[in-house]
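The values are calculated or read from the model by the stated rules, or taken from the named source; none is laboratory data. Keep in mind the model is a prediction, meaning the values are calculated, not measured. Cβ atoms come from the backbone with ideal geometry, glycine included; neighbour counts cover every protein chain shown. Just so you know, the surface numbers come from the protein's heavy atoms only, side chains and all, with ligands and any DNA or RNA stripped out. Shrake-Rupley method; radii C 1.70, N 1.55, O 1.52, S 1.80 Å.
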Amino acid sequence: MVSGFLPSAISAGQRGEIQRIVKGGHRSMQNQSYRNPIISGYNPDPSICRVGDDYYIVNSSFEYFPGVPVYHSRNLVNWELLGHCLTTDEQLPLEKCRPSGGIFAPTLRYHDGWFFMTTTNVSSGGNFIVHSKEPDKGWSDPVRIDQGGIDPSLLFDDDGKVYFTSAADDEEGRSCILICELDPFTGEKFTESKVLSYGCGGRYPEGPHLYKVNGKYYLMLAEGGTEYGHMETIQRADHPYGPYEPCPHNPILSHKEDMREKIYCTGHADLMEDANGNWWMVCLAIRPCGGENNRVLLHNLGRETYLAPVVWTEDGWPVVGDHGLIDLEMEGPLPGKAEPVCRDFTEDFSGDVFSAHYNFLRNPDRKNYVRMPEEKKLLLKGTQITLNDQDSPTWVGVRQKGFDTITTLRLRPLGQVQGMRVGLSAYYNHDYHYEIYLTRELDRWKVCLAKHVHDIFAVTSQMETELSADGSLWLRIVTDRENYTFLFSTDGENYVKLGTGLTVGLCTESTRTMTFTGTYLAMFAERADAEVSGFEIKVLDI
Ligand code: 6LW
């Protein structure tokens, strides 16, 4: 058992003892300020790698399809969603998986011209690796890895060995980190899995990453669990199998004691040296919807991806951010000029394929989503599967990327089926969602607001309505930290408020099972078809 664990963030005393900081890399870069999160909305468990001057991040994706988003940047602040690693049903079987089942934490590494992504499908098959020459051009079929646990990672050593680590339990059921050596292309194991570490004293050692820096092996872990006790520790050895000594100022990242009360749950991190020899950490963290100094510790946006500069002490230990603390506004020697970040999303359906920003629930039935680029429309074909089912309803959505957003959908019903529902949903999972939708009751159209929270599913507001001259209806959701507000319009200009739902009803902490995702803004159809001709999300908070 490794000791040397500090019960809290780096104490003032520790700060004094930290050795002289070794300044940044071989090409000095002007410090630039930037804002966190660098990737907003539910994008947890980030893993980062560099190829020349190009940077890539992947995130967990759970029950959403396609799986494992791949983002690209050249300055570490402006990130473009290139696509996904898992884009076929064979790579990503999610059939009726539980909420927050499916794909857990991934790791992305680049070696000798190949990208490797390893992750876990906790609902089908466990740990696997896929590889690709170009991350936006498709990935291989998965190769299964015969080592248990979650949070797999890879280290490509200078001698050609490849180490595979994961967070698992030992024979006595104690949380530990396992290691083996393998072929990343075939998954063939060359050594038996063995216990590498039990962590540095925090519970649930997980999210392991092995690095080789200046000839030493560093094992960085998330400990404390991904909630409010989350933190990062690091330990090092002269040999990959140890023995490891803990960093004297562990945890190297922790917001457990941070009284600024803006960012919590910091952890599940990855380290990377940029093209100028400066070091960075990406990690997950949450922003409570209760806002600053409001001690309602609930978050609806999911765990997001944050960036922090890292410097090394003279005796070879990393110091993250402000001695283990990060912030919404930070500065560092970014490898490229940072540009303003825009998180808006708009779609006119003029393209043949869905934007990579769209996700589906589990494996979608493709025939229920018909793009009509000439008419700039999307046909949604509703089925008997509803948003309340742990299944794959006709539903396509985009992550909610800020507290203050305005989502607008223009739709035209193509049937008059009693009890049909076509509309716009603020969706956390099948037990936690609010939606405004059009339905047909007897010979009238009605627009309704329904809410599903825990075991309560109810229509809380409804109004009869007409449709526009061409049979359209506009639906809108306006969000802020307190409420989701639902409105509709028959001309796209003048909106009528139908009702509201509390933001805290769609938060991770308030779900009845352990969940790890965030809220989506999504169009859907049940029991009838609808044509969609406009979908946009404006994100107003910076
Ligand atoms: C992730 C693991 C974790 O794989 O949550 O609580 C899982 N810890 O590190 C999903 O994010």
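Residues in segment 515-542 that are touching a Ser or Thr at 6+ places or on another chain (Cβ under 7 Å), open to solvent by 60 Å² or more (accessible area, probe 1.4 Å) and part of a loop (DSSP other than H, G, I, E, B): LEU540 alone. Against the list (1) within 23 Å of the chain's Cα centre (by Cα); (2) away from the ligand (no atom under 16 Å from the Cβ); (3) on the phi < 0 side of the Ramachandran plot, the condition GLY138 fails is (3).
Residue-by-condition table, conditions (1) within 16 Å of the ligand (Cβ to nearest atom); (2) open to solvent by less than 30 Å² (accessible area, probe 1.4 Å); (3) within 22 Å of MET514 (Cβ to Cβ):
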position: LEU81; (1), (2), (3): no, yes, no
position: TYR110; (1), (2), (3): no, no, no
position: ASN121; (1), (2), (3): yes, yes, yes
position: HIS131; (1), (2), (3): no, no, no
position: ARG144; (1), (2), (3): no, no, no
position: ALA168; (1), (2), (3): yes, yes, yes
position: THR186; (1), (2), (3): no, no, no
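If you go through segment 219-247 and keep only what is open to solvent by 10 Å² or more (accessible area, probe 1.4 Å), in contact with a Phe, Trp or Tyr (Cβ under 9 Å, 6 or more places away or on another chain) and outside any loop (DSSP other than H, G, I, E, B), you end up with ARG236, PRO246.
Scanning segment 344-358 for residues that are among the polar types (S, T, N, Q) and in contact with a His (Cβ under 9 Å, 6 or more places away or on another chain) turns up nothing. Scanning segment 501-514 for residues that are surrounded by fewer than 18 Cβ atoms within 10 Å (Cβ to Cβ) and under 16 Å from TYR434 (Cα atoms) gives LEU502, SER510.
When ASP159, ASP151 are checked against the criterion of being of a type in the set (D, E, K, R) and exposed (fewer than 13 other Cβ atoms within 10 Å of the Cβ), a single residue qualifies: ASP159. Where residues in segment 308-365 are hydroxyl-bearing (Ser, Thr, Tyr) and part of a strand (DSSP E or B), which of them is surrounded by the most Cβ atoms within 10 Å (Cβ to Cβ)? Out of the qualifying residues, it is THR313. Which of the residues that make up segment 366-401 are of a type outside the set (Val, Ile, Thr), surrounded by fewer than 20 Cβ atoms within 10 Å (Cβ to Cβ) and within 30 Å of CYS289 (Cβ to Cβ)? Residues satisfying the conditions are ASN388, ASP389, GLN390, ASP391. All conditions in (1) of a type in the set (A, V, I, L, M, F, W, C); (2) within 16 Å of the ligand (Cβ to nearest atom); (3) in contact with a Ser or Thr (Cβ under 7 Å, 6 or more places away or on another chain) hold for ILE179, with the sole exception of (2).
Residues are listed down the side, and each one gets a yes or a no for (1) of a type in the set (A, V, I, L, M, F, W, C); (2) in contact (Cβ under 8 Å) with a residue 60 or more places away in the chain:
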| site | (1), (2) |
| --- | --- |
| PRO318 | no, yes |
| LEU325 | yes, yes |
| GLU329 | no, yes |
| PRO335 | no, yes |
| VAL341 | yes, yes |
| ASP344 | no, yes |
| GLU347 | no, yes |
| VAL353 | yes, no |
| HIS357 | no, yes |
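Residue-level check: of (1) at pLDDT 95 or above; (2) open to solvent by 40 Å² or more (accessible area, probe 1.4 Å); (3) away from the ligand (no atom under 16 Å from the Cβ); (4) more than 16 Å from the chain's Cα centre (by Cα), GLN30 misses just (1).
Among the residues making up segment 35-61, none is at positive phi and either among the basic types (Lys, Arg) or assigned to a strand (DSSP E or B) (or both). Selection of segment 149-174 for residues being in contact with a strand residue (DSSP E or B) (Cβ under 8 Å, 6 or more places away or on another chain) and more than 28 Å from VAL213 (Cβ to Cβ) yields only ASP169.
Residues of segment 202-228 that are more than 9 Å from the ligand (Cβ to nearest atom) and of a type in the set (D, E, K, R): ARG203, LYS212, LYS216, GLU223.
Within segment 369-391, the residues that satisfy the criterion of being in contact (Cβ under 8 Å) with a residue 60 or more places away in the chain and closer than 17 Å to ARG421 by Cα are LEU378, LEU379, LEU380, LYS381, GLY382, THR383, GLN384, ILE385, THR386, LEU387, ASN388, ASP391. Within segment 257-307, the set of residues being among the aromatic types (Phe, Trp, Tyr) and either open to solvent by 30 Å² or more (accessible area, probe 1.4 Å) or within 16 Å of the ligand (Cβ to nearest atom) (or both) comprises TYR264, TRP279, TYR306.
For the residues THR407, THR346, THR386, the requirement of being among the hydroxyl-bearing types (Ser, Thr, Tyr), at negative phi and more than 21 Å from the chain's Cα centre (by Cα) singles out THR386.
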